[in-house]
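Structure first, commentary second.
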Amino acid sequence: MRVALFIPCFVDQLFPNAGIAMVTVLRRLNVDVYYPQEQTCCGQPAFNTGYWDEARTLAKRYCEIFAGADAVVCPSGSCTAMVRNFYPELLGAQSSIPRTYEFAEFLVKQLGVTDVGAKFPARVTYHDSCHALRELRLKDEPRQLLRKVQGLELLEMDQAETCCGFGGTFSVKFPMISYAMDEVKVTSIQKTGAEYVVSGDSSCLMQIDGYLRRQNLPIKTISLAEVLAST
Amino acid sequence: MTTASEQFLRDAATKTADLRHRAVIQKNIGSYDAAVTRGKSRYADWQNARSRAAAIKWETINHLDRYLEQFERNVLENGGHVFWAETAVDAREHVLLLARRHGVRKVVKSKSMTTEEIHLNEALETAGIHTVETDLGEYICQIRGEPPYHIVTPVMHLTKADIAQTFQEKLGTPPTDSAEELAMIARVRLRHEFMTADMGITGANFAIADTGMIAITENEGNARLSFSLPRVHVAIVGIEKLIPHFEDLALFWPLLSTSGTGQAITAYSSLIGGPRQGCEVDGPQEFHVILLDNGRTKLLADAEQRDALHCIRCGACLNTCPIYKNIGGHAYGTTYQGPIGSVITPHLRDAREWSHLPYSSSLCGACTDVCPVRIDLHHHLLHNRRNAIQHKFDSPIQRLLFGVWLWTMQSSIRYAVAAKLGRLALRLGLAQPLLKPWTAKREFPTPPKQSFKDYWRRHGPRT
């Protein structure tokens, strides 16, 4: 099986380590990965703003680029949801859309792996990204992976399923609401006593980290892939 | 003139900065959450109940013409009257006509969002008819001169102390911290109003096609007094309130109360089948149903979003919405707040004026998960956004930006060059002003020197 990597623009440009860590883990599990150089963006920013024609152009482009892959793996629940749940709406239910999986989902549900041989001695709490949780219905998969990480103590926060307030352009168009949501999220994280917030979506982590650093709080953010790549 | 969108931004900013306000609603919604969790645990299969309810509503809304006419025939047969109101003006004028015909000087009202929607109280007061809200929450709203803050819980934003202070200021009652005493203050005043009212106005939670009855759900008994004591009862019913069969209530009554308040069933559940019959000693002499369209048929004509008419107004989507929990109900400036309001308001009212509401969501989808009639709420927000762009409600600058963005994203080379320049500008601190709304209260990450693309070119492919 040849697995294509889809590294969303956001991860590519701002959080490449999440993508690199995903490659490390997949290779450790002897997965044959390749990276189609032509890829750019799945089209979600346009789609969510209402520019569906523009999004459709990029959706078609994605389908062409990844057409030959047995599977596509992506370090983002949000962009995976865009491809799996919204491309059919843009391109028609009959269209052929490359089978795209979120990273944790691919490990647990496709490869059947929960122990990736990682070691990360720290107290962590997991933030569910809305798209992974409610569009892809991934709740337990990332936690199954974290529970098998050596030395890691998983602490659940009371607001794990509450949105962090990012929402793409929402956080720029309605910054005060987005900020209040961020505050609710961070308060819930703080109550756990965790040293790290882990998530499958770097955009959520950017939102949370932006608040933590401005407030000089000692909690760090890290992607699930980077935790799983640690040894 | 301030537009609805500017007003929304201003109010949202004020409300999110008001930490006391946020603490009050989060506490009140917290008790709601606990009650609803208990309520749902009484169901053997909550998801199946939702699916069943959605299927019944789907059938009703997709054959609404038939069910409405059946309902009308049965109301008439039971001795009631039906008026079809196409607009809010039609509905208000009909109420005023009935009031004049019966020499009405005082109206008692039970809680009804449709009457809020058509601004009935103002119309009645202007016509010189004394109008009294009898639901405790609505009564408090009325004496404060505020619209309801929430479609189910009109004063969710107030504490017991706030209510005591309102009563003290507006009614001159002594200060108290006892909920019982506060309720008694309202009860004594309202009892007198019930006894002297000429007309009772209610909404309806359900209108039952095969019996011509309306069903009313409440916890205070005020609705029952409102429709049974005065000479004339007028019920203002949105056309989407129909359910086909009497038996469907067995599903819908508990579903509404479980999602609305966590109760298995509300304290008072009433069925009204017409005016006082010959052998009966009480009840109104006349029973009028006003079937209200007011934009609903526009939504009905939209096959994609028609399921928004499934709504039974339980308020669950408001209570779970992280936006609602932070800005509260008044900031929306609409009759129907929260996710359902942001879905339907652009359809029921002016699509351009209210086009900001579908955007004021992070699309987290929590609303869709809790909706007891499975309305695809957050996807309808996306549909509304697409409609807004199709109708060119966007700014020319935004349109241009997305055009340039698309051109860039269609080539991996253009993308890589633009992104590299962007990262450089960020590292030099040149691009930060553009991100100001975001960075005003948050730190933007320092972009890395190399992108994933750069990494892969150097180290990625195995040789």
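We did not get these values from a lab; they are worked out from the coordinates using the rules stated. As the structure is a prediction and not an experimental result, all values here were calculated from the model. Here Cβ is always computed from backbone atoms with ideal geometry, including for glycine, and neighbour counts include all displayed protein chains.
Tabulated results
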item	result
Computed magnitude of the charge dipole of the protein assembly as shown (debye, nearest 20; Cβ of K, R +1, Cβ of D, E -1)	2440 debye
In sequence order, calculated HN-Hα J values of segment B:356-365 (Karplus, 6.51, -1.76, 1.60; Hz; x Gly/Pro)	6, 5, x, 7, 7, 8, 8, 6, 6, x
B:Asn219 paired with B:Glu280, simple spin-label distance in nm, labels 7 Å along Cα-to-beta-carbon	2.7 nm
Nearest-20 debye value, chain B charge dipole, Cβ charges on Lys, Arg, Asp, Glu	2760 debye
Under Karplus coefficients 6.51, -1.76 and 1.60, residue-wise ³J(HN,Hα) of segment B:266-283 in Hz, glycine/proline x	6, 4, 10, 10, 10, 10, 10, x, x, x, 4, 8, x, 8, 8, 9, 9, x
Gain upon complete extension [B:Thr196, B:Asn48; 0.36 nm per residue less C-alpha separation]	48.6 nm
Label point distance in nm, A:Lys191-B:Gln432, each placed 7 Å from Cα along Cα→Cβ	3.4 nm
Rounded if a/c under 1.5, otherwise prolate or oblate - segment B:48-191, Cα gyration tensor axes	oblate
Dipole magnitude (debye, nearest 20) for segment A:2-110, charges at Cβ of Lys, Arg, Asp, Glu	240 debye
Whether segment B:396-459 is rounded, prolate or oblate, judged on the alpha carbon gyration tensor where a/c under 1.5 counts as rounded	oblate
Net charge, A:Leu138 excluded, C-beta distance under 13 Å - Lys, Arg +1, Asp, Glu -1	-2
Computed [θ] at 222 nm, deg cm²/dmol, chain A (DSSP H ≥ 4; -39,500 (n - 2.57); rounded to nearest 500)	-12000 deg cm²/dmol
DSSP-assigned coil residues among GluC sites (Glu not before Pro) in segment A:122-231, each with at most 14 further Cβ atoms within 10 Å	A:Glu156
Positive-end residue of A:Ser96, A:Ala122, A:Gly165, charge dipole of segment A:89-231 with Cβ unit charges	A:Ala122
Residues A:Lys119 and A:Asp70, FRET efficiency given R0 of 25 Å [Cβ-Cβ distance, rounded to 0.05]	0.25
Helix-only [θ]222 nm of chain B, DSSP H runs n ≥ 4, -39500 (n - 2.57) each, per residue, nearest 500	-15500 deg cm²/dmol
Efficiency of FRET between B:Thr297 and B:Thr439 - r from beta-carbon atoms, R0 41 angstrom, step 0.05	0.35
Measure of compaction for segment A:123-229 (Cα Rg per 2.2 N^0.38 Å)	1.00
Pairwise centroid distance, computed over Cα atoms, of segment B:182-217 with segment A:129-197, Å	44 Å
Segment B:351-426: trypsin sites (Lys or Arg not before Pro) in DSSP coil with no more than 12 other Cβ atoms inside 10 Å	B:Lys392
Rounded, prolate or oblate (a/c below 1.5 giving rounded, otherwise prolate when a/b exceeds b/c) for the protein assembly as shown by Cα gyration tensor	prolate
Neighbour net charge for B:Ala264 - beta-carbon separation under 14 angstrom, K R +1, D E -1	+3
D (Stokes-Einstein, µm²/s), Kirkwood Cα radius, segment B:108-221, 0.692 mPa s at 37 °C	216 µm²/s
